[in-house]
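Student: Have a look at this one.
Any read-out appearing in this document is the output of simple, stated calculations on the displayed coordinates, not a laboratory observation. Please read these numbers as outputs of a predicted model, since none were measured by experiment. Counting neighbours? That spans all protein chains shown, and the Cβs are built from the backbone with ideal geometry, glycine included.
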């Protein structure tokens with residue numbers, strides 16, 4: 001596979017693409033603060049070129065994520081629509097009904113509102129739904145091992161509302177729902193996911209883009225932007241969409257050195273995962289001078 005081409009900013013690519021599907025956490029904010037250069041780049045693209053569809057593995061429906069973006073100072077001008085893994089997961093949950101063992105913090109309870117599901121535990125649930133650890137500041141996937149073994153023995157399926165393994169919060173990496181789903185599968189259980197890199201969230205995002213443009217979109221003119229190899233890059237590759245890899249996100253500890261972007265390390269990471277990115281940049285910006 002060819003190594004991605006380093007670019008100084010989104011401005012170099014704007015004329016090639018009609019739509020952006022852009023990751024959120026790690027690209028335009030880190031959970032504590034937004035990245036002004038990234039926000040400005042997206043706002044300029046939206047104003048001069050076309051729609052910016054934010055595509056996030058947040059395990060909640062998009063309205064509270066809009067509030068979060070506002071609180072972090074991400075301007076509304078920087079994006080057109082927001083599609084979350086929570087939006088896609090609600091469609092799966094609506095088909096189920098029954099008793100569910102909910103794993104995740106209280107803030108994710110909005111995912112289940114209006115679906116008529118009954119709370120249950122590992123011993124009497126019909127299925128499991130994971131948004132993340134109950135306490136992502138202190139817990140690890142191994143803390144769920146014994147309870148998961150009970151569920152595997154009962155043949156329960158796990159729905160994961162956030163396929164991310166880890167996410168960057170400030171200067172720390174914290175576990176997400178995908179890490180719990182990974183453990184469940186390693187123990188012999190079955191899991192189902194609708195967020196990145198899986199098809200449902202991309203289908204929703206592309207439908208939103210078509211609605212904004214008023215007609216069909218040429219997939220060759222859609223650019224996916226993200227910092228996660230197993231989610232953003234893998235999801236785009238599976239759909240044959242071009243990728244701009246933002247290196248200074250969850251992989252920044254490996255890809256950014258004292259002299260800046262290490263393109264060789266980026267190429268090695270992609271090769272090891274059998275993935276491909278067309279372009280790479282340290283951080284999302286319109287041009288080098290905007291950082």
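Student: Using every pair of alpha-carbon atoms in the chain, split the distances into 10 Å bins beginning at 0 and state the percent of pairs per bin, rounded to integers.
Tutor: 7, 29, 35, 21, 8, 1
Student: Just how many % of Cα pairs in the stretch 10-75 lie over 19 Å apart, if you round to the nearest whole percent?
Tutor: 30 percent
Student: In what sequence do 154, 264 fall when counting other Cβ within 10 Å, fewest first?
Tutor: So the residues, fewest neighbours to most, are 264, 154.
Student: Another one. Relative contact order (percent) for the stretch 148-291, with alpha-carbon contacts under 8 angstrom and 6 or more residues of separation?
Tutor: Normalised by residue count, the contact order of the stretch 148-291 is 18 percent.
Student: Here's something else I'd like to know. Quote the Stokes-Einstein diffusion coefficient, in whole µm² s⁻¹, for the stretch 207-291, based on the Kirkwood radius over alpha carbon pairs, a temperature of 4 °C and a viscosity of 1.567 mPa s.
Tutor: 94 µm²/s
Student: Let me check I have the definition right: for the stretch 1-135, take the eigenvalues of the Cα gyration tensor, multiply each by 5, take square roots. What are those semi-axes in whole Å, largest first?
Tutor: Computed over the stretch 1-135, the values are 35, 15, 14 Å.
Student: Subtracting the Cα-Cα distance from 0.36 nm times the residue separation, let me have the gained length for residue 3 to residue 147 in nm, one decimal.
Tutor: 47.6 nm
Student: Now for a separate question. With a cut-off of 8 Å between alpha carbons and a minimum separation of six or more residues, what is the relative contact order of the stretch 88-193 in percent?
Tutor: Details: 194 pairs, mean separation 27.3, N = 106.
The value is 26 percent.
Student: Distance in nm between label sites at residue 192 and residue 172, each 7 Å beyond Cα in the beta-carbon direction?
Tutor: My value for the distance between the label points is 3.4 nm.
Student: Something else: Using helices alone, I'd like the mean residue ellipticity at 222 nm for the chain: each DSSP H run of four-plus residues gives -39500 (n - 2.57), total over residue count, nearest 500.
Tutor: Taking each H run of at least 4 residues, the total per residue is -9000 deg cm²/dmol.
Student: Could I ask something else about it? Would you mind checking the tilt of helix 145-154 against the longest principal axis of the Cα atoms of the chain, expressed as 0 to 90 degrees and rounded to 10?
Tutor: Once rounded, one gets 70 degrees.
Student: Determine the percent antiparallel among the DSSP beta bridges restricted to the chain, to the nearest 5.
Tutor: 15 percent
Student: Could you state the number of Å between the C-alpha centres of the stretch 262-282 and the stretch 18-56?
Tutor: Cα centres, the stretch 18-56 to the stretch 262-282: 21 Å.
Student: Another question, then. Taking Cα atoms, how many degrees apart are the long axis of helix 177-186 and the longest axis of the chain, rounded to 10 and kept between 0 and 90?
Tutor: Between the helix axis and the principal axis of the chain, the angle is about 60 degrees.
Student: Largest first and in whole Å, what are the equivalent-ellipsoid semi-axes of the stretch 88-193 based on the Cα gyration tensor, each being the root of 5 times an eigenvalue?
Tutor: Values: eigenvalues 86, 57, 27 Å².
The equivalent ellipsoid of the stretch 88-193 has semi-axes of 21, 17, 12 Å.
Student: Please report, in whole Å, how far the alpha carbons of the stretch 59-98 spread along each principal axis, starting with the longest.
Tutor: 39, 17, 10
Student: Would you mind calculating the relative contact order of the chain from Cα pairs under 8 angstrom and at least 6 residues apart, reporting the percent as a whole number?
Tutor: 24 percent
Student: Shifting gears a bit: Helix 263-272 versus the longest principal axis of the chain: what is the Cα-based angle in degrees, 0 to 90, to the nearest 10?
Tutor: So the helix axis and the longest Cα principal axis differ by about 40 degrees.
Student: In nm, to one decimal, how far is the modelled label at residue 264 from the one at residue 154, with both set 7 Å along Cα→Cβ?
Tutor: Here the answer is 5.3 nm between the modelled labels.
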